[in-house]
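*Asks:* Questions regarding the structure given below will be posed in turn.
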Amino acid sequence: MSRSMRHLLLGILLLVSGYYLFSGEEDVFDTPPTETLGQAEKPTAYVEGAQFVFYKDNGQANFDLSSEKATYFKDSARVIISQPRLEMIQESGDHVTLRANSGHYDTERETLSFEGEVELRQSRNQETAMILSTEQLQVDQQAQTLSTDHNVTLQQGPHALRALGMRANLTSKKIELLSQVRGQYVFDKNDG
């Protein structure tokens, strides 16, 4: 088990235990079971107001993930996340924020999946903000990649690209739009 995974699990367990012990509430663990592969699975841990910090191998913070609620399922090695928000500051100084309605973290593969009104905003300032919108997005921490098979829109100011499917590499900073690519470029009066 990787160091970041151990820290994530320890953080979840400490938060749940602390809340349970100090709040005096008995029903902290009384969350409904989730269906997994046709059979009911009971959660191992549950927390509200969760915040996780993921670190690189060199000990430097990689990104911060917060959510309204998080439920950990040990048997299927996943954490279900409600209203996730991921924040990261890149070496270039760009601030990256990702929001979605829900998501889950696969603790074995170290992948994050976001679903429902997914919006990724990368900016140094509001004028140059690039916004990626889709309904589903996969984030692979190890490979430093983003991907989706759903419709995706990339927008920067009045300019927009739309496609079905996308792959992006965070290390090489390359984006590949997979099919049905359409673009809109709005000329400025100074463009001639």
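*Asks:* So if R0 is 22 Å, what FRET efficiency would LYS69 and ASP106 give, r being the distance between their Cβ atoms, rounded to the nearest 0.05?
*Replies:* 0.80
*Asks:* Going by C-beta contacts inside 10 Å, put TYR185, TYR46 in order with the fewest on the left.
*Replies:* TYR185, TYR46
*Asks:* Can I ask one more? Given a Förster radius of 30 Å and the C-beta distance between ASP140 and VAL186 as r, what FRET efficiency does 1/(1 + (r/R0)^6) yield to the nearest 0.05?
*Replies:* Efficiency, rounded to the nearest 0.05: 0.35.
*Asks:* Starting with the fewest neighbours, write out ILE89, ILE131 ranked by other beta-carbon atoms found within 10 Å of each beta-carbon.
*Replies:* ILE89, ILE131
*Asks:* Continuing with this model, one more query. Could you line up SER82, SER172 from fewest to most neighbouring Cβ atoms inside 10 Å?
*Replies:* SER172, SER82
*Asks:* Can you tell me the length gained on complete extension of the stretch ASP57 to THR171, counting 0.36 nm per residue apart and subtracting the Cα distance?
*Replies:* This chain segment gains 39.5 nm when fully extended.
Coordinate-derived values only; no laboratory data. Everything numeric in this text was worked out from a predicted model, so none of it was measured. Here the Cβ is made from the backbone with ideal geometry for all residues, glycine too, and neighbour counts use every protein chain on show.
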